[in-house]
Each structure stands twice: as C-alpha cells, then as structure tokens.
Amino acid sequence: MRPHDATPAWDREIAVPFRHRVWFTDGALDPANPAFAHALRCACPGRDSPSRMAAFIDSGVLTAWPQLTDQLARYLQAHAGLPELVWVESMPGGEACKNDPSCVEDVLDAVDHLRIDRHSMVLAIGGGAVLDVVGFGAAIAHRGVRHVRMPTTVLAQDDSAMGVKNGVNRKGKKNFTGSFAPPDAVVCDRAFLGTLPDSAWCGGFSEAVKIALLKDAALFSTLERDGAAIRSRSMDAAWPVIMRSAELHARHILDGGDPFETREARPLDHGHWAAHRLESMTSFELPHGEAVGIGLALDTVYARRIGLLGAEPAARILRVLANLGLARSHPMLRSMDDLMRGLEEFREHLGGTLTITLMRDIGHPVEVHEIDRVAMREAAAELLDQHG
Ligand SMILES: NC(=O)c1ccc[n+]([C@@H]2O[C@H](COP(=O)([O-])OP(=O)(O)OC[C@H]3O[C@@H](n4cnc5c(N)ncnc54)[C@H](O)[C@@H]3O)[C@@H](O)[C@H]2O)c1
Ligand SMILES: [Zn+2]
C-alpha cells in the first residue's frame, strides 16, 4: 500500500437484478380468479412452508369494500401454498398517512411483533399514498421485506404502483423521506375503480396525459377522442388508457437506464415541480392527481409563451385536461413567489442543475435548465384569467 496512491484498491460494478411483475385483472379476490395467487407465489418463490402476510388496507377502500378483509382471508385459504394472513390493519387513506410518522411506525410494529421476516410479506391495498407508506415501512424493516402492491385508484394503477419508489412527507415537503425498493408483485384490479369518487377518478388521468405527452402521441389522440367517455366513467374507454399509461411508466423506469434516478433529468416529473409545491401550499388538501393537471397546464402555457410550443398543440393539451374533468387553474397561482420556490425544491430533491422537462410538441419533450420567471408569472396569470 502506498499511502498517497489515489487508485482505489478495487473498483467494481454491483449488479442486483430485480423482477418487475404486474398483473391487470378484474375481481382479484374472487377465489375463481388465479391471478393474485400466481402473483403471490411469484413474489415468494421456493418456499416449502407457507410464509406469513401482514396486510395494510386503505381506510377509504375498507369503507367502500367492508367485506374486503374476509374476502382476502377466504381467497388465501382457497389456494394452496399461499401465505398465512396474520394481520390486517386499516391505514388512513390519502395524504394523511404520508404526513403522519406513526403510520410508518405501524408497519414497523407489525413486522416486528408478527415476525414478518424476509421470507414473509407485507401486502398494501390502497391508493398511491398508502402504497408509498407501506412500501417505505417494508423497505426499511430488516432492510427490506417482501412487499406486494394492490393499487386501488386510477393514479396508482396508471402510474405510482408501477414505480420502484416509495416515500413519506417530512419537513412540509413531498416525499422528503423514502427509498427505492421495487415491489415483488403488483396486481391492478379494475373492480376497485368503481367505488372511487369522481374527483379521484378524473385526477388519476392527469398522469396518463403526462406520459402521453412525453412518449406516445397516439395515446394522446386516444385521450382526445375518449376524454368525455372516460370522464363519464366508461370502463371500456378508461381501461386501455390505464394499462397503456402503466406500461409506458414501467417501460421508462425499467428500460430508461436510470431506475434509481441518479441523473438530473426526471421526465416522468413533467408538470410536477408546480404540482408538488401546490400540494404543500394547500397543506396537501389538493390531491396529487389534480395538482398534476394544474402543473401540466402551467408548463404548457409557459412553453407556449416562451415560443417553445405552438399555439395549436398547447390548446389541444388544455382541451384534453378539461375534457377529462381536470382543473387547469387554482387560486394559489396568485402566490407566485411561493409557488416558484417549488423550482428550487425540485432542484434540491435531485441535486445538481435545475432540469425541467417541457414540451416542444405532443410526444416531443425537451429539457430546460432555466425558467423565465416573468413568463411563468404571465402563464399563471393567463390560467387564472381564463380558467380561474
Ligand atoms: N411512488 C411513486 O412513484 C409515486 C408516483 C406518483 C404518485 N405517488 C403518490 O401517490 C399519492 C396519490 O395517490 P392516489 O392518487 O392514488 O390517491 P390517494 O392514495 O391519496 O387516495 C385518494 C383517496 O381515495 C381513497 N381511495 C383509494 N382507493 C379507493 C377506492 N377504490 N374506492 C374508494 N376510495 C378509494 C383513499 O382512501 C383516499 O381518500 C401521492 O402521495 C403521490 O405523491 C407516488
Ligand atoms: Zn405524479
């Protein structure tokens, strides 16, 4: 060893393969439906004795589906070799659970008291918020126990459950604490979507608009054609859009070469710098999906005002948002000093240079590193004036 040698003793890459498995189904807990059983066996392979399962269910889902705990227990008993259900707990649905540190603690307590080891699993049934909390608890307990997601909202099925992230809010900031931990299986059951309130149903399609803008002009055209049918809750119109959006999100994460987001650019967060800030400015009363719709509208008008995006595609984007029942403005757009702090928070979250993804056309994103604050104020004023 030479004390002043800068050459490392070794320098090797660590490759850790993960499997990403997603099922789309209808009535997952019907004992005649084998999809969920298959998902659980894939999530916990090679076991000669049944493992144990602790389940956390979104309180909003339990209200809408009061028989769910019994259905889950019956389903697990009806199929050989599935985990033993040792715990079911309700978790407050929505952003409340991400703001309350005791919810992560509840997951840790369950893992501890029920001896959920790395061969057992935690199941989360719920919206994106509950999935984020339970996924985070599962990721940090024993440095990671298996976890299976059953998303129950449009947004969780068309976006958040596809990802490899989890997180909770701290210090008044979205997702300040969290981890990258791919789920062991994801089962999207469209039956759950039937009990969503209209606002949550519509809100979830903002992420489909986002991914269509980024990656798939044909999906954008489908949203233009079917927006009204989706808004009036046609499952025939909505389900292909949800599956396509999920697939595009998953492909980006799995094939984009940066699943753990080490690069500065984060295209899937198009429209999100403002959305995340609006959520915290409204003390998280504005739901994520609705905030994303407003964030997309703001970045669209901004891109048009700086001459990046044409007037025609900009008008199409604003129209699609409206047809899907998404708001394009919010009273908080009057507090632009506060809102624009979101840009700095966005940069801080990733580190390095500010990188915002904007559109130069539908299906054609570009990265920009500077924001013209005067033009951004004008964009907000325009939205307030026309859609306020
Ligand atoms: N981890 C990620 O990669 C990622 C990506 C995008 C979004 N997210 C997060 O997801 C969260 C938003 O998730 P969301 O839009 O799914 O909403 P949500 O989890 O906030 O749930 C919204 C409401 O719907 C209720 N609900 C859920 N399913 C229901 C059903 N089937 N029937 C009736 N009520 C139901 C919930 O109880 C809650 O009151 C945000 O916290 C966001 O930051 C995470
Ligand atoms: Zn989002």
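The values are calculated or read from the model by the stated rules, or taken from the named source; none is laboratory data. Computed from a predicted model, the values in this text were never measured in an experiment. Please note: Cβ atoms are built from the backbone with ideal geometry, for glycine as well, and neighbour counts cover all protein chains shown. SASA here: full protein model, heavy atoms, side chains in, ligands and nucleic acids out. Shrake-Rupley method; radii C 1.70, N 1.55, O 1.52, S 1.80 Å.
Working ranking of peptides 35-43, 305-313 by packing, defined as the average number of other Cβ atoms within 10 Å per residue, highest first, is 35-43, 305-313.
For the chain, the longest principal axis of the C-alpha atoms and the axis of helix 205-215 are separated by about 70°. When each of the peptides 265-275, 12-22, 367-377 is scored by the mean number of other C-beta atoms lying within 10 Å of its residues, the order from highest to lowest reads 265-275, 367-377, 12-22.
Between I306 and F176, the FRET efficiency estimated from the beta carbon spacing at R0 = 25 angstrom works out to 0.25. Dividing the convex hull volume of the alpha carbon atoms of the chain by its residue count gives 159 Å³ per residue. For the set R118, R225, the ranking by accessible area, highest first and with no ligand, DNA or RNA atoms included, is R225, R118 under a 1.4 Å probe. Against the chain, whose longest principal axis is taken from its Cα atoms, helix 235-255 shows a tilt of about 90°. Which angle between 0 and 90 degrees, to the nearest 10, do you get for helix 128-140 versus the longest principal axis of the chain when only C-alpha atoms count? Approximately 50 degrees, to the nearest ten. Our coupling estimate for the range 55-71, obtained by passing each phi through the Karplus curve with A = 6.51, B = -1.76, C = 1.60 and θ = phi - 60°, is 10, 10, 10, 3, 4, x, 5, 5, 5, 6, 10, x, 8, 4, 4, 5, 4 Hz, Gly and Pro reported as x.
The range 192-269 to the range 351-376: how many Å between their Cα centroids? After rounding, the separation between the Cα centres reads 21 Å. Averaged per residue, the chain has 44 square angstrom of accessible surface, using a 1.4 angstrom probe with ligands and nucleic acids left out.
At full extension, V16 and H119 could sit 35.3 nm farther apart than now, given 0.36 nm per residue minus the alpha carbon distance. Annotation for the range 73-125 versus the range 273-345: alpha-carbon center distance of 36 Å. Annotation: extensible slack from E105 through R319 equals 72.7 nm (criterion: 0.36 nm per residue apart, minus Cα-Cα distance). Counting protein heavy atoms only, the chain has 50 percent of its accessible area on carbon and sulfur, 1.4 angstrom probe. Here the label points at A218 and Q386, each 7 Å from Cα along the C-beta direction, are separated by 3.0 nm in the simple model.
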